[in-house]
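In what follows, a structure is listed as structure tokens, so that the remarks can point back to it.
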Amino acid sequence: MPFTSSKIKIIANIPYYITSPILVHLLGEIDEINHSNRSKISEIILMVQLEAGKRIVADNNSLNKEYGQLSILSQMYSDIEIIKLVPKNCFMPSPKVDSAILRFVLRDKPKCQITRLLRRTVRAIFMARRKNIKNSLLNAGFLGVEEALNKVNIPNQTRGEKLSLDDISKLSIALEEFNK
């Protein structure tokens, strides 16, 4: 018998070096629509290292190195905001890094369509940041790359970190046609 039938809120100060694995555990992978943990959580409030917090809330208009797989995963299933910056001098002894408190409000449905190639597409896009989208996808073994990019009106020379979550979803849908 479950402890409670209502959704729970998670509030934690987590070890900074395992921020990503904890988020994957709580939110599931990018393409895991029915993740058992996420379905039981309404809100997550975490204190994380400031740099990790910036990566989590980053989007395609942020600094290139901030936006990545962790941003996509976090934003796919939640609305996120930095609610408080915590300078390192607030702690005794003082750590070497500043912190941020993040608030994740979990969504019942993902922000975009999930396809079987979405996780693979995201990995390919962010694996080699200096490569353009066409070369990144070709190096990851995708077929019909130019056709898929044309279908969703993404120029071949675009860098992956310039694509929005919606663009990436549309691209993964277009790639499915050529990668069955």
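Quick check on my filter: what residues within the stretch 110-135 are hydrophobic (A, V, I, L, M, F, W, C) and free of Cβ contacts under 8 Å to residues at least 24 places away in the same chain? Step through it out loud before you land on a result.
So in the stretch 110-135, the residues hydrophobic (A, V, I, L, M, F, W, C) come out as 112, 114, 117-118, 122, 124-128, 133.
Listed by number, the residues that qualify are M127, A128.
Scan the stretch 14-30 residue by residue and report those that are free of Cβ contacts under 8 Å to residues at least 24 places away in the same chain, buried (at least 16 other Cβ atoms within 10 Å of the Cβ) and in a loop (DSSP other than H, G, I, E, B).
None; the set is empty.
Please go through the stretch 123-140 and give me each residue that is buried (at least 18 other Cβ atoms within 10 Å of the Cβ) and out of contact with any Asp or Glu (no Cβ under 9 Å at 6 or more places or on another chain), ordered by number. Give the derivation first.
Filtering the stretch 123-140 down to residues buried (at least 18 other Cβ atoms within 10 Å of the Cβ) leaves 124-126, 133-134, 136-137.
Within the stretch 123-140, A124, I133, S136, L137 qualify.
May I ask you to verify whether S78 is assigned by TED's automatic domain parsing to the domain that holds K40 and either farther than 29 Å from S36 by Cα or within 13 Å of the chain's Cα centre (by Cα) (or both)? Walk me through it before giving the result.
Values: assigned by TED's automatic domain parsing to the domain that holds K40: yes; either farther than 29 Å from S36 by Cα or within 13 Å of the chain's Cα centre (by Cα) (or both): yes.
It is true that S78 is assigned by TED's automatic domain parsing to the domain that holds K40 and either farther than 29 Å from S36 by Cα or within 13 Å of the chain's Cα centre (by Cα) (or both).
What's the total number of residues in the stretch 141-170 that are crowded, with 22+ Cβ neighbours inside 10 Å and more than 16 Å from the chain's Cα centre (by Cα)?
Residues meeting the conditions: 2.
Would you point out the residue of the stretch 95-124, among those that are closer than 29 Å to P15 by Cβ and part of a loop (DSSP other than H, G, I, E, B), that is modelled with the highest pLDDT?
D98
Given the criterion hydrophobic (A, V, I, L, M, F, W, C) and either part of a loop (DSSP other than H, G, I, E, B) or under 30 Å from R130 (Cα atoms) (or both), identify the matching residue among I11, I33. Explain how you work it out, then say what you get.
Numbers: I11 fails: either part of a loop (DSSP other than H, G, I, E, B) or under 30 Å from R130 (Cα atoms) (or both).
Result of the check over I11, I33: I33.
The values are calculated or read from the model by the stated rules, or taken from the named source; none is laboratory data. Note that the coordinates shown come from a computational prediction; the quantities given were computed from them, not determined experimentally. Positions of Cβ are generated from backbone atoms using ideal geometry, with glycine treated the same way; all protein chains shown enter the neighbour counts.
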